[in-house]
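Asks: Have a look at this one.
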Amino acid sequence: MWSLCKRLCARSDRMLDAAGSFLLVVGGSIIMITVVVQVILRYILKLPLFGLEEFSRLIAVWVYFIGAIFGTKYDSHVQGDVAARLFSTPNAQAAIKVITWVLSALLCFIFLYHSTKYSIWLYGTGERTTGLWWPRIYTVGSMVFGAFFMTLYSLANIVKYGEAALVSFRRTAGGAS
């Protein structure tokens, strides 16, 4: 059963990885194009296009949170490694990784809770952006999306590093006897 679950998760993960990579490239390109167009229109032609900055911000917020998802997935967030330097044995480092990801999952869950609560409240108010009058949930929804997948990948990292820690502890226990 665990093997089937891991295969299904791996397949879903590959699909999400491909979709996220595509969205990052397209979103980054759109941000670059809209900023260049806005600079040319505003500062060279003196004809700023209303709403282009708001559109750019909307895409940017989504790109930021998709990037945060990838940072969580690939364990590539900026980290301090003081604990890893203090505890240099493989078992201690494995334990530190698991503890770090448990704390990360807890923080992601708190972020998910509050971003969901805020999004539900915001959706209920019907609040709109000041420029184009788009529903603000379009932007704020990126927080819920990001927090959800960051929580999932934090849990996945707990499992991944937990399994590695168990192997390390068993290897040490097996070698010591």
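Asks: Taking region 1-33 as the region of interest, how many residues are within 11 Å of A60 (Cα to Cα) and either assigned to a loop (DSSP other than H, G, I, E, B) or of a type in the set (S, T, N, Q) (or both)?
Replies: 1
Asks: Does A60 satisfy the criteria of being modelled with pLDDT of 95 or more and part of a helix (DSSP H, G or I)?
Replies: So A60 fits the description; yes.
Asks: Go through the residues of region 64-74 one by one and say whether even a single one is basic (K, R), closer than 28 Å to G28 by Cβ and in a helix (DSSP H, G or I).
Replies: Yes, region 64-74 contains at least one residue that is basic (K, R), closer than 28 Å to G28 by Cβ and in a helix (DSSP H, G or I).
Asks: Of the conditions (1) within 16 Å of the chain's Cα centre (by Cα); (2) surrounded by 14 or more Cβ atoms within 10 Å (Cβ to Cβ), Y74 satisfies every one except a single condition; which number is it?
Replies: Of (1) within 16 Å of the chain's Cα centre (by Cα); (2) surrounded by 14 or more Cβ atoms within 10 Å (Cβ to Cβ), only one is false for Y74: (2).
Asks: Still on this structure, I have one more. Within region 122-177, can you find the residues that are farther than 20 Å from T100 by Cβ, in a helix (DSSP H, G or I) and touching a Lys or Arg at 6+ places or on another chain (Cβ under 7 Å)?
Replies: Result: L122, single match.
Asks: Return the residues of region 16-71 that are buried (at least 16 other Cβ atoms within 10 Å of the Cβ) and β-branched (V, I, T); say none if nothing qualifies.
Replies: I30, I31, T34, I59, V61, V63, I66, I69
The values are calculated or read from the model by the stated rules, or taken from the named source; none is laboratory data. It should be emphasised that the depicted structure is a prediction, and the values quoted were computed from it without experimental measurement. Please note: Cβ atoms are built from the backbone with ideal geometry, for glycine as well, and neighbour counts cover all protein chains shown.
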